[in-house]
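Read-outs: derived from the displayed coordinates by stated rules, not from any lab. On a predicted model such as this, the values are computed, not experimentally measured, just so you know. Please note: Cβ atoms are built from the backbone with ideal geometry, for glycine as well, and neighbour counts cover all protein chains shown.
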Amino acid sequence: MIINDQHYDLIIVGTGAGGGTLAYKLAPTGKRILILERGDFLPKENENWSATEVFQKERYHTHQQWYDQAGESFRPQTNYWVGGNTKVYGAALLRMRERDFEEVKHEDGISTEWSLKYKDFEPYYTEAEKLYHVHGRQGNDPTEPPRSQEYPLPAVGHETRMQEICDAISQQGLHPAYLPLGLKLSQRDDNQNDCIRCKTCDGFPCHVDGKADAEVVGISPSLTFPNVTLKTNAKVVRLHTSPSGGEVKAVEAEIGGQSHFFFSDIVVLACGAINSAALLLSSANGLHPNGLANSSDLVGRNFMKHLITAVVQLSPVPNPAIFQKTICVNDFYWGELGFDYPMGHIQNTGNILEDMIPTEAPPLLAFLAKLMPGFGLKQLAEHATGWWVQTEDLPDPNNRVRVEGSKLYVDYNPNNLEAHDRLIHRWTDVLKVVDRMTTNTVFPRGIYPYSNTPIRVVANQSGTCRFGEDPKTSVLDLNCRTHDVDNLYIVDSSFFPSSSAVSPALTIIANALRVGEHLIERLNKS
Ligand SMILES: Cc1cc2nc3c(=O)[nH]c(=O)nc-3n(C[C@H](O)[C@H](O)[C@H](O)COP(=O)(O)OP(=O)(O)OC[C@H]3O[C@@H](n4cnc5c(N)ncnc54)[C@H](O)[C@@H]3O)c2cc1C
Ligand code: SF4
């Protein structure tokens, strides 16, 4: 056991959207800050660009095994690197809709109300968009919440085929919008660019640091301050409390096979919704027998991950666009005629590359690739445009993270399936019309295979330690401090009481900036 003799003002565990952003916010305070990250820096190497390495061989995913509710092991598609999952994210940075903060009736149940509202988050969304270089354009999305300022950067434009698709969607009376994207891209001056608009963005690490991820935007700048220390390959395994149980006294991490103990006034977890809950549960002691900060018995519960389906539009005409992830559609977000319940959000995936098809594409597409002689993977990929169809899954206390001994379980039964199925079929109908409108053959025939994401896809994980005012019905208070342990906070996606249908990262980032403001006040008082 190694006792670290330095006393820190604050320790942050994890460097993803939550932790990396918080580090950035707190670094200028001059307070002694220690960041503990279980992963290393993601290497810059040629394999960053390779779909075979990234998708078929899963080069950057953890090798950890988790267990589903049947006790079957699986390898989660999650990433332990400096920057966390933002190292490979698609950088689609959307605000939740105003109504998402209210209680919303869905076909399959209720989406929980947030105790803070859109207006409370709006200034932090604005700050988050500036920090993460968000490109967008206000105006065409019927569900877009009010903004105090325009997007900091102009929308990433559609290439020719994407514009054709966008126009054909509009001509059906729908409102395709520019997908807000966090890229270090100046479309006016090539000398200002880090992003080169390549084909390998969503799901890939960026070889040229063009993606506004939590390492590039959060951790790297914070490390320029002498008061900030980062320890990589430092996996936090347990939090130890004071004799009263009211405070975290020490943070125990495994580094190079040895136990190290670190001390600070404040501890902030940002391990991701699954790992933060698991860490609290693993830190049970005599005073916290069900897990740390778990007097509500809610730690780990109400786990959400979105219902996500990849729909592939296999058009009669090719799609030569190099960067295809530029459109989003929210016309069905709150439902449609005849279905008065939310259905969800649609956005482009990144490009579908031939080497992704064997493992990532819907089974029908992989099957077609084998069936069609002379029309192999390459041609399929050239004709493909990808769409994520995303529906809110509702918080359910039985969907939960559990720890038994050293095993991490994710119990998950998807709900809200009818809304999701409707959205898939509605979207497929829209794409059929798009292909009819944009193809000059007499009998244009598109194909629209789709595949749902299995348990191991935990990209949009949230919930597990919801925030709220009542310690009986929430784990965290409105400052994301645990109700039970005075100096313990969480700033990853755990705090979500419900998940909306848009991608979570901008809300995690905005919340980290909000909590950061509270922490600065607290640190300045002590
Ligand atoms: C392929 C992919 C594409 C995505 N695309 C988008 C997108 O376009 N838009 C969007 O909004 N969201 C997207 N997401 C989701 C987004 O990346 C996550 O919502 C976001 O990164 C979560 O932030 P976080 O801080 O909660 O956790 P993470 O980013 O997961 O960070 C957690 C960090 O904690 C570290 N850690 C975990 N346990 C420990 C421990 N015990 N000790 C020390 N360190 C620990 C991890 O290594 C990691 O660095 C995508 C995710 C994936 C995987
Ligand atoms: S599109 Fe830009 S940000 Fe994305 S991986 Fe390519 S260079 Fe990086």
Between Lys44 and Asp477, the two model label points (7 Å from Cα along the beta-carbon direction) sit apart by a distance in nm of 4.4 nm
For the stretch 311-336 and the stretch 53-83, what is the centre-to-centre distance using only Cα atoms, to the nearest Å? 28 Å
In the neighborhood of Ala23, defined by Cβ-to-Cβ distances under 11 Å, what is the net charge if each Lys or Arg adds +1 and each Asp or Glu adds -1? -1
Looking at the chain, do any whole DSSP H helices span at least 20 angstrom along their long axis by alpha carbon and average -0.5 or above on Kyte-Doolittle, and which? 417-437, 505-525
Checking the a/c ratio against 1.5 first, then a/b against b/c, what shape does the Cα gyration tensor give for the stretch 387-526? prolate
Asn233-Glu159 FRET efficiency (beta carbon distance; Förster radius 56 Å; 0.05 resolution): 0.85
Pull up all non-local amide H partners of Leu478: gap of 5 or more, or a different chain, and H-to-H distance under 5 Å with H placed in the peptide plane. Gly468
As a test of understanding, state the convex hull volume per residue of the stretch 145-278 from its alpha carbons, in Å³. 232 Å³
Please arrange Ile308, Ile165 by how many other C-beta atoms lie within 10 Å of their C-beta, fewest to most. Ile308, Ile165
Based on Cβ point charges of +1 for Lys and Arg and -1 for Asp and Glu, what charge dipole magnitude is obtained for the chain about its Cα centre, in debye rounded to the nearest 20? 700 debye
Throw me the Rg/Rh for the chain, computed over C-alpha atoms with Kirkwood Rh, two decimals. 0.96
Counting helices only, and only those DSSP H runs with n ≥ 4, report the 222 nm mean residue ellipticity of the chain as the sum of -39,500 (n - 2.57) divided by its residues, in deg cm²/dmol to the nearest 500. -6000 deg cm²/dmol
Surrounding net charge for Ile266, when Lys and Arg each add one and Asp and Glu each subtract one, Cβ distance under 13 Å: +1
Quote to one decimal, in nm, the extra length available between Ala70 and Asp167 on full extension: 0.36 nm per residue of separation minus the C-alpha distance between them. 30.3 nm
Report D for the stretch 1-148 in µm² per second (integer): Stokes-Einstein, Kirkwood Rh on Cα pairs, 20 °C, 1.002 mPa s. 111 µm²/s
Let me know the shape class of the stretch 263-307, please: from the alpha-carbon gyration tensor, a ≥ b ≥ c as square roots of the eigenvalues, rounded when a/c is under 1.5, otherwise prolate if a/b is greater than b/c, or oblate. oblate
Stretchable slack from Lys117 to Met1, in nm (0.36 nm times residue separation minus alpha-carbon distance): 37.2 nm
Relative packing of peptides 140-152, 282-294, 390-402 - highest average C-beta neighbours within 10 Å first: 390-402, 282-294, 140-152
Hey, if you put +1 on the Cβ of every Lys and Arg and -1 on every Asp and Glu Cβ in the chain, which of Ile352, Asn330, His207 ends up farthest toward the positive end of that dipole? His207
Counted neighbours (other Cβ, 10 Å), sorted fewest up, put Ile424, Ile11 in the order Ile424, Ile11
Give the Rg (one decimal place) followed by the Dmax (whole number) of the stretch 222-380, computed from C-alpha coordinates and expressed in Å. 24.4, 72
The answer for Asp331, listing residues at least 5 apart or on another chain whose modeled amide H is closer than 5 Å to its amide H, is His175
Please report Trp388, Trp49 as a ranked list, fewest other C-beta atoms within 10 angstrom at the top and most at the bottom. Trp49, Trp388
Where Rh is the Kirkwood radius over Cα pairs, Rg/Rh for the stretch 62-217: 1.01
